[in-house]
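Visitor: The structure that follows is given in the form of structure tokens.
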Amino acid sequence: MKTVTPKLQFLDLSHWSWPVDWDSLKKNTDLIAIGWKATEGNYNTDQYYAQAREQATQRGYLWMAYHFATNNNVEQQVDRFLNVAKPNFNTRLALDWEDYGEKQMTLDQVEEFLRLVDEKTNRLVTLYSGNTAKEALGNTKNEFLGRHPLWIPRYASEGGQPAPQASWSAWDIWQYAADGSGVQPNTAAGVKGHPDCNVFYDDVETVKKNWSGGPVTVTPPITKPPPIVQPPVAPQQVVTVTVSAPPGVTVNVVKIVS
């Protein structure tokens, strides 16, 4: 992996960050994207999501909606997330998979969530995870997860890039600071306290080009052509005629079709 210097390119926020001084965000000269928690489990919606999205996109920021994972019914979580996130061409979608005690999402549920959202939106969901993914996967390579962009946290006072789990050759987003931990810059003009600060692995133009994670190439199902229906054939009618003639008389039979 190449060496990336932490700089504030992406802020991920939630209702805890409200209110935001949106006009002051422009003072963060490297900032190009805003992420906001849309939902949690199958029971919670962030009350400021829609307002934050409107304010951020009006100012030209790339927009991410993320879902905080729980072990509730996955289909219900997906439905809630997409109904709230309302993704468009400028929306990146992410699943936040981290330690959550008895409510933590399982590995199988993570795969189910990603697969469902991929199929419904025709894009690849970004997966946020650090130690949770490493502990669940160990040293194994999960090709399905590895196709999804990795957003990884690592807070080190002296720097040092995160090492992704074996399923990924490189991370896509590095959350390098949160709650005051991590290297500078760990504050943002317009946002109170010490927000979650992130840097991208790729250059800005590549990030913008690939932002939404789609479209995903989907192999269409093989469909059989409809059967050819032949018109019904009328049954043949057989008529038996018995003709008697005396010896020496020739009888000619002529078939007439009407």
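Visitor: Could you identify the single residue in A156, A133 that is surrounded by fewer than 20 Cβ atoms within 10 Å (Cβ to Cβ) and closer than 24 Å to F10 by Cα?
Guide: Values: A133 fails: surrounded by fewer than 20 Cβ atoms within 10 Å (Cβ to Cβ).
Matching residue, one of A156, A133: A156.
Visitor: Are any residues in region 7-39 part of a loop (DSSP other than H, G, I, E, B), out of contact with any Gly (no Cβ under 7 Å at 6 or more places or on another chain) and not hydrophobic (A, V, I, L, M, F, W, C), and if so, which ones?
Guide: So the first thing to find is which residues in region 7-39 are part of a loop (DSSP other than H, G, I, E, B), and the list is 7-9, 14, 18-21, 28-32.
Then drop every residue that is not out of contact with any Gly (no Cβ under 7 Å at 6 or more places or on another chain), which leaves 7-9, 14, 18-19, 28-32.
Result: K7, Q9, S14, P19, N28, T29, D30.
Visitor: Any chance you could count how many residues in region 101-128 are on the phi < 0 side of the Ramachandran plot and either at pLDDT below 95 or over 18 Å from the mean Cα position of the chain (by Cα) (or both)? Give the steps one after another, and end with the answer.
Guide: Taking region 101-128 as the starting set, the residues that turn out to be on the phi < 0 side of the Ramachandran plot are 102-121, 123-128.
Checking which are either at pLDDT below 95 or over 18 Å from the mean Cα position of the chain (by Cα) (or both) leaves us with 102-104.
Total meeting the criteria: 3.
Visitor: Say whether the condition of being aromatic (F, W, Y), out of contact with any Pro (no Cβ under 8 Å at 6 or more places or on another chain) and part of a strand (DSSP E or B) is met by at least one residue in region 71-83.
Guide: Initial filter on region 71-83 (aromatic (F, W, Y)): 81.
Next, from what is left, pick out any that are out of contact with any Pro (no Cβ under 8 Å at 6 or more places or on another chain): 81.
Going one step further and asking which of them are part of a strand (DSSP E or B), we end up with none.
Within region 71-83, not a single residue is aromatic (F, W, Y), out of contact with any Pro (no Cβ under 8 Å at 6 or more places or on another chain) and part of a strand (DSSP E or B).
Visitor: Considering region 71-83 alone, what residues qualify as being in contact with a helix residue (DSSP H, G or I) (Cβ under 6 Å, 6 or more places away or on another chain) and either buried (at least 20 other Cβ atoms within 10 Å of the Cβ) or closer than 20 Å to L13 by Cβ (or both)?
Guide: Filtering region 71-83 down to residues in contact with a helix residue (DSSP H, G or I) (Cβ under 6 Å, 6 or more places away or on another chain) leaves 71, 74, 78.
Passing the criteria: V74, V78.
Visitor: Would you point out the residue of region 1-55, among those that are charged (D, E, K, R) and surrounded by 19 or more Cβ atoms within 10 Å (Cβ to Cβ), that is nearest to E205 (Cα to Cα)?
Guide: First pass over region 1-55, keeping only residues charged (D, E, K, R): 2, 7, 12, 21, 23, 26-27, 30, 37, 40, 46, 53-54.
Restricting the remaining residues to those that are surrounded by 19 or more Cβ atoms within 10 Å (Cβ to Cβ) gives 12, 37, 40, 46, 53.
On the way: D12: 20, K37: 25, E40: 31, D46: 30, R53: 22 Å.
Top of the filtered list is D12.
Visitor: Kindly indicate which of T187, T126, T206 is among the β-branched types (V, I, T) and closer than 25 Å to D108 by Cβ. Lay out the reasoning, then the answer.
Guide: Working: T187 fails: closer than 25 Å to D108 by Cβ; T206 fails: closer than 25 Å to D108 by Cβ.
After applying the criteria, what remains is T126.
Visitor: To continue, here is another question. Among (1) outside any strand (DSSP E or B); (2) of a type in the set (K, R); (3) buried (at least 20 other Cβ atoms within 10 Å of the Cβ), there is one condition R92 misses while meeting the rest; what is its number?
Guide: If we test R92 against (1) outside any strand (DSSP E or B); (2) of a type in the set (K, R); (3) buried (at least 20 other Cβ atoms within 10 Å of the Cβ), just (1) comes out false.
Visitor: Here's another thing I want to ask about it. Can you tell me which residue within region 99-116, out of those that are without any contact (Cβ under 8 Å) to a residue 40 or more places away in the chain and within 21 Å of W36 (Cβ to Cβ), is surrounded by the fewest Cβ atoms within 10 Å (Cβ to Cβ)? Give the derivation first.
Guide: As a first pass, look at region 99-116 and keep what is without any contact (Cβ under 8 Å) to a residue 40 or more places away in the chain: 99-102, 104-108, 111-112, 114-115.
Subset that is within 21 Å of W36 (Cβ to Cβ): 100, 105, 114.
Details: Y100: 16, M105: 26, L114: 23.
Here the answer is Y100.
Visitor: Pairs under 7 Å by beta carbon, first residue touching a residue at least 24 places away in the same chain (Cβ under 8 Å) in region 147-166, partner part of a loop (DSSP other than H, G, I, E, B) and aromatic (F, W, Y), six or more apart or different chains?
Guide: Pairs that qualify, where the first residue is touching a residue at least 24 places away in the same chain (Cβ under 8 Å) and the partner is part of a loop (DSSP other than H, G, I, E, B) and aromatic (F, W, Y), are L150/W168; L150/W171; I152/W171; P162/W171.
Visitor: Which one is nearest to R115 (Cα to Cα), of the residues in region 40-70 that are assigned to a loop (DSSP other than H, G, I, E, B) and hydroxyl-bearing (S, T, Y)? Break it down into steps so the answer makes sense when it comes.
Guide: Step one: list which residues in region 40-70 are assigned to a loop (DSSP other than H, G, I, E, B), which gives 41-43, 46-48, 59-61, 69-70.
So of that shortlist, the ones also hydroxyl-bearing (S, T, Y) come out as 43, 48, 61, 70.
On the way: Y43: 21, Y48: 27, Y61: 27, T70: 16 Å.
Selected residue: T70.
Visitor: Output the residues belonging to region 146-203 that are charged (D, E, K, R) and more than 14 Å from N131 (Cα to Cα).
Guide: So the first thing to find is which residues in region 146-203 are charged (D, E, K, R), and the list is 147, 154, 158, 172, 179, 192, 196, 202-203.
Of everything in region 146-203, those that are charged (D, E, K, R) and more than 14 Å from N131 (Cα to Cα) turn out to be R147, E158, D172, D179, K192, D196, D202, D203.
The values are calculated or read from the model by the stated rules, or taken from the named source; none is laboratory data. Note that the structure is predicted; figures quoted are calculated from it, not measured. Heads up, the Cβs are rebuilt from the backbone with ideal geometry, glycines too, and the neighbour counts pull from every protein chain shown.
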